[in-house]
Every structure is written in structure tokens, then in C-alpha cells.
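Structure first, commentary second.
The values are calculated or read from the model by the stated rules, or taken from the named source; none is laboratory data. Computed from a predicted structure; not experimentally measured. Because the Cβ atoms are built from the backbone with ideal geometry, glycine has one as well, and the counts that use them run over all protein chains shown.
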Amino acid sequence: MLVTTSIEPPTRAELLHLYHEMLLIRRFEEQCNALFLQGKIPSTLHLYIGQEAVAVGVCSALRPDDFVLGTHRPHGHALAKGVSSRSIMAELFGKVTGCCKAKGGSMHVGDMAVGMFPAIAIVGANAPIAVGSALSAKMRGTQQVTIAFFGEGGSNEGAVHEAMNMAAIWQLPVLFICENNLYGASTPISQVVAVENVADRAAAYGIPGVIVDGNDVLAVQEATRIAVERAREGKGPTLLECKTYRLCGHSRSDACNYRTRDEEAEWRDKDPLVRLSRYITEVAQLATAEEIAQVAEEVEAIMQDAINFAEESPEPQPEEALLHVFWEGN
Amino acid sequence: MPEMTIAEALREGIREEMRRDPSVFCLGEDIGIPGGFGGAFTVTLGLSDEFGHDRILDTPISEIGIAGVAIGAAMTGMRPIADVQYGDFLFCMMDQLANQAAKMTYMSGGTVKVPLVMRAPVGSTRRGSQHAQSLEAFFTHIPGLKVLAPSTAYDAKGLLKSAIRDDNPVLIFEHKLLYGSKGGRSEKGALTAVGEVPSEDYVVPIGKGVVRRTGKDVTIVGKLLTVYRALEAAQELAQEGIEAEVIDPRTLIPLDKEIILESVRKTGRLVVVEEDNITHGWGAEIAAMVAEEAFFYLDAPIKRVAAPDTPPPFAPPMEAFYVPSTARVVSAVKSLF
């Protein structure tokens, strides 16, 4: 099933907001790459460049009290859900002001105060936890929806299958968002998935399987809204497959020798940020190129502030490693 | 004061906590199906009559899912009690326990809590290798998990209630031969671990061991079923003039080190009895701890009585050979004099 075009066209403010959110992720990731090369970020990084329309499209269709569970590639999910760029950047620097007090690092960023679980870096392991969160929302009667992001590679994990089945039998308010970026690290999807679309597997659980252009933020947002509405009405989960592409390596050390430069160029032409800015300025004609540039300036200011904050924040004392093995209270 | 089996005591503990706190619920395989088992060993039998099937939640055979659902619910305001049919199935959910539940508080910088309880039956009971292991030691090695091992009905209820109220993931290991489950779920060779259990609210604090028998000549530390083997051995030894002190730590993580050290400082001898296989086991950890902290009080080497390094065998003669017997405990103690 392909999603049709939006019923109500988005307003200028909505469009500029989406662009702002997506550009923030893009610039955040580009800066991370540079800061890594400068030796300021001590860990490896799984960057979200190219997939911004998925996180922003999905999260822009949520309530602030809804929950999101990210993956080992979580910066985009966390930023889109409202975790502050300061606290994420500080976490990447290994500073005590980080969202996980320097205990988590790049792959575990999160902030439950804004509904972002600590990101879960074991592929597919977040899906059953998301189902538990959705069960909890149903039991508490809050109508909160929970999102589990995973890749097409993650879709092959047993945990994901158990999760989808349980969510389906209990009709829980959870959305399984498959970010199909065509490669699990270096392995192409054709080698590890026998069906044409990951969403086809939804039929096995008796839930809707929806396919959407993951580089079209408006399409992702609309598909998410439909699924969220269903979930809040008690009609159960949806598997939403967003077809997209990593415009960067799997991790910092990846030269992408397993895919062609032609393929990369094709997808660069479908860059979700370029598409959205063209839509805003040329199709909808709701803002000018200068106004788009204005958004970019705002984003640069936020980024500079986040980097300054991270650089100026203190490092943890070594023996703080001993804290928080068990819950020590708020 | 009413007398109860461990299965009954656990059931009452769950019932009282579910009445007290609406966020407490149970999930697991075959725990509330009408006409079903009430869990593999009857612990949840009849609870769905009072609490309904939303709070006594039957799941598919999906151990990863059970653990993950418990974690997600625990992180968002609920207090799940997950029922594992056999402890061996914990291996199916190992990622969720070891990488998720145990680490969530730590890797979130102490901003997230995971108040879940996981109940798992252990012990060799003529079911072969995959329904018989004693897995306690595995989980004591994972920072972030609390591990309990109640051996009496009083402790089972009291520790379960503490576990439910704890804000951390807590694993409770229950021995299949101690449940006292009745009817079709009763176990051949089971002990009648029936004991007095108060009807009123009480808890047994996590992290506090208990002296089951006092003695001056040797300290025997056991857990679950081996506490009873130690007590039987102590009786035999008494006839030969050896007075054994039997310690039941009840909680494996956090461990009440002091109750063991205090006893060893008095007796000068230590035997650790466990049903797990011996190498890199729980007994090794207790021995190392005593060697580090009370070496100069020891009058003899520390002895471990444990299962050999094989999977649990099936045939009754082999199983009886595998599981530490009272006779092996007696002989280990005598070798120290």
C-alpha cells in the first residue's frame, strides 16, 4: 500500500519547522564527524546523514508524551524527539552534562523526560521493550503511543518477530518503523531478506504493513499520523517501512566499498533536505531561498552553542564509574 | 499462623502486592489460562479469578518478548512480575536480561529505573539437561541484577514482596523440589518445605542472610535445596561430635558477606554446597571472598561440594550422582578434620 498525498497541505510554519529539525540533524551529524576527526569525540559514530526525513517525519506526528526507542544510530531519533542538542553533544564528548552523564555515549543517548528511551544498541532488542511500553500505556490508560525504530537488517532479529506478534495479539499502541537503508553495515538487503518489502511481513502478524518514501518527510509524517491514530483508537500496531539510504558510512571507519559511487549519486539526488527545501520554495512557494538560509543560520547558532557547551563541560571523575549500577533515587 | 508451601507463599505474596499496588502485574506462559497450570509450578494458580486476564497476562511462547515487555513496562511506571517456566529458558532471553535490564540504569546515568521481577525455577528433577540447570551463578556475574534464592516459605513470600517493591531488576530463583506444588505438578523427591507464613504484611530484606543452624566446628553455606542437604549433613555430623553451622544467604546479590565471615571466624572451616556445576561457580566466589577476608581464621582448606562439569543427566542414578548429596557434604566436612 502506498500512501497518497497529504489531505491538508502543511502550513508555512510547519514546513519551516520540519526543515529546521531535519537540518539540525544533518548539521549535528556533520559536526560530529568533524569533531571526531579533531579527536574531541572519543567513540565511533553511526551517523544518520540521509535518513533525516524518517526521524523527523515520525516524531513530528507524535505527542510530547509519546515514547521513542532508537537504535545504535540514534542521534537523529533523539534530536527529533526533543532531547536537547547540548545534552547529546556533551554525551558524545563524554562529559558529565551529557544526557546519560557520560555513562552512555553515542549509542545510548536518550532522555525519558521527553519520552526518548536510552537508545538500545543491540539490533532489534528495542522492539519488545517498545511493546512493553505500549502495554504499560494501555494498562495505565494514557493513550501514549510508542515507536520502535529498526533497520531492514534489524527486521531479521527474532526479538522483532516476537515483539510484532505480541503487539498484534494484544492490539497495542506501538509503531514498528523499519528504516530500510538497503544495507546492514555492508550487507545488502537482497542477501538477507527474501520478500520484496520488509512491510510484507506485516501480513504474518495480521497488522497493516505500509511502505513509504522515507526521503519524503511529508509522506512519512502522514503515514505515521494514520498509524498513530489507529494505535490511539486501540486498533493496534502498524509496521511502517521507510525506504531510505545512508548518505554516509555505517560507522566512522567505513569507506563504503560494498556499494557503487553511481548508486550513492542517485540517492544524493534524492537527498531529503534538498527535496524539502525545493518543495517549500518551488512547489508550495511558502518561503524564499533567503528564508531557508535564515533557518540554516538558526541551526548553526544552535550547533555552535551545543559544541561550546560540550567543550566547556567538565569530565567525570574516574570513580564515578562505580555509580548507578543500581537505582540510587532521583 | 497459617502453614504454607513455597508455591502457596509466593502466590499469597503476589496477591497481596497486586492488591496493594495497581501497577503490579504478572506475565508469562500458561500462568492464567482457565483450566491451565497456573504457571509451570502452580504459583499463579487462581490469581486470574481475582485480578482478571489483563493483570495475569498469558503470553505467547516468546521469552525474548516476555523479558522485553517486562522491561518496557517497568521503565514506564509498571511493576511487572515475569514468570519463566523453567530457569533454562532464561538463556533464550539473555540479551534482554544481561544487555538491557541490567544495564539500563547504568547507561542512562542513573536517570532510568527498571523495577521488574523475574521468577525462575531451577534444579535437577528428572527432566534431562534443558529443564534442570541451576543458573544462579550466571546471573550473579552480571552487574545491575539483584539475585534472590529463597529456601523457605516465609522467605519466599517476604523476599518476593521486597523484590516487587525494589526499583531494580530482581531475579528470584526457586527450586523445583522446594515448591511443595500439589496435584499433577508435584515433584517426585520433593521436600515438604512447608512453613509458617504470616498472613499480615511483612518483608524479608534483600541482602540479609540467615543462620539456619548454629555450630562451632565448621561453616556450611548452601542455597535453595542445598541448604536442606547441609542441614541433613549437620545432623549426621552431630552424631559424630562435629557441630556444623549452616548459613543460608537467601540473597546472592547483594551478598551478606558478614554473616559468612562471622561464622568462619568462629568455626575456622568452610564448606560451600551448590547444585550448579563447580568450575567458575558460586562456590568459587564464596571461597575466594572468605580466602581474601578471613584467611587467617581458617584452620583447613575451603571445600566446595557441587555438581560436576557436565550438563545435568537424565537417568535417576546418574542424576543422583550429579546432584550434591547429603553424604557428599558429610564427607567433605569430615575431610577437614
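For beta carbons closer than 8 Å, sequence separation of 6+ or different chains, a first residue in region B:39-61 that is on the phi > 0 side of the Ramachandran plot and a second that is assigned to a loop (DSSP other than H, G, I, E, B), the qualifying pairs are B:39/B:30; B:39/B:31; B:39/B:45; B:39/B:85; B:42/B:179; B:42/B:181; B:42/B:182; B:46/B:38. Between A:109, A:123, A:114, the distinction of being of a type in the set (Val, Ile, Thr) and under 13 Å from the mean Cα position of the chain (by Cα) belongs to A:109 only. As an exercise: evaluate residue A:91 against (1) of a type in the set (D, E, K, R); (2) more than 30 Å from residue B:26 (Cα to Cα); (3) away from chain B (no Cβ under 13 Å) and give the number of the one condition it does not meet. Of everything listed in (1) of a type in the set (D, E, K, R); (2) more than 30 Å from residue B:26 (Cα to Cα); (3) away from chain B (no Cβ under 13 Å), residue A:91 misses just condition (3). With the condition kept exactly as written, say whether any residue in region A:103-111 is part of a loop (DSSP other than H, G, I, E, B) and away from chain B (no Cβ under 11 Å). No, because not a single residue in region A:103-111 is part of a loop (DSSP other than H, G, I, E, B) and away from chain B (no Cβ under 11 Å). Residues in region B:30-69 that are in a loop (DSSP other than H, G, I, E, B), of a type in the set (Ser, Thr, Tyr) and more than 21 Å from the chain's Cα centre (by Cα) were compared, and the one that is nearest to residue A:129 (Cα to Cα) is B:62. With respect to (1) closer than 19 Å to residue B:72 by Cα; (2) buried (at least 24 other Cβ atoms within 10 Å of the Cβ), the lone exception for residue A:103 is condition (1). Of everything in region B:97-128, what is more than 7 Å from chain A (Cβ to nearest Cβ) and of a type in the set (S, T, N, Q)? Give them in sequence order. Within region B:97-128, B:124, B:125 meet the criteria. Only one of (1) touching an Asp or Glu at 6+ places or on another chain (Cβ under 8 Å); (2) at positive phi fails for residue B:280. Which number is that? The one condition residue B:280 does not meet is (1). Looking across region A:121-142, the residues that are of a type in the set (Val, Ile, Thr) and at the interface with another protein chain (Cβ under 7 Å from one of its Cβ atoms) come down to A:122, A:129, A:131. Condition (residue is modelled with pLDDT of 95 or more, out of contact with any helix residue (DSSP H, G or I) (no Cβ under 7 Å at 6 or more places or on another chain) and closer than 24 Å to residue A:128 by Cβ) applied to region A:206-218: is it met by at least one residue? Within region A:206-218 (the criterion being modelled with pLDDT of 95 or more, out of contact with any helix residue (DSSP H, G or I) (no Cβ under 7 Å at 6 or more places or on another chain) and closer than 24 Å to residue A:128 by Cβ), the answer is no, since none of the residues qualifies.
Do we have residue A:120 as over 18 Å from residue A:304 (Cα atoms), in a loop (DSSP other than H, G, I, E, B) and touching a strand residue (DSSP E or B) at 6+ places or on another chain (Cβ under 7 Å) here? The answer is yes for residue A:120. Residues to consider are A:244, A:260, A:288; find the one that is among the hydroxyl-bearing types (Ser, Thr, Tyr), away from chain B (no Cβ under 14 Å) and in contact (Cβ under 8 Å) with a residue 12 or more places away in the chain. Exactly one residue qualifies, and that residue is A:244.
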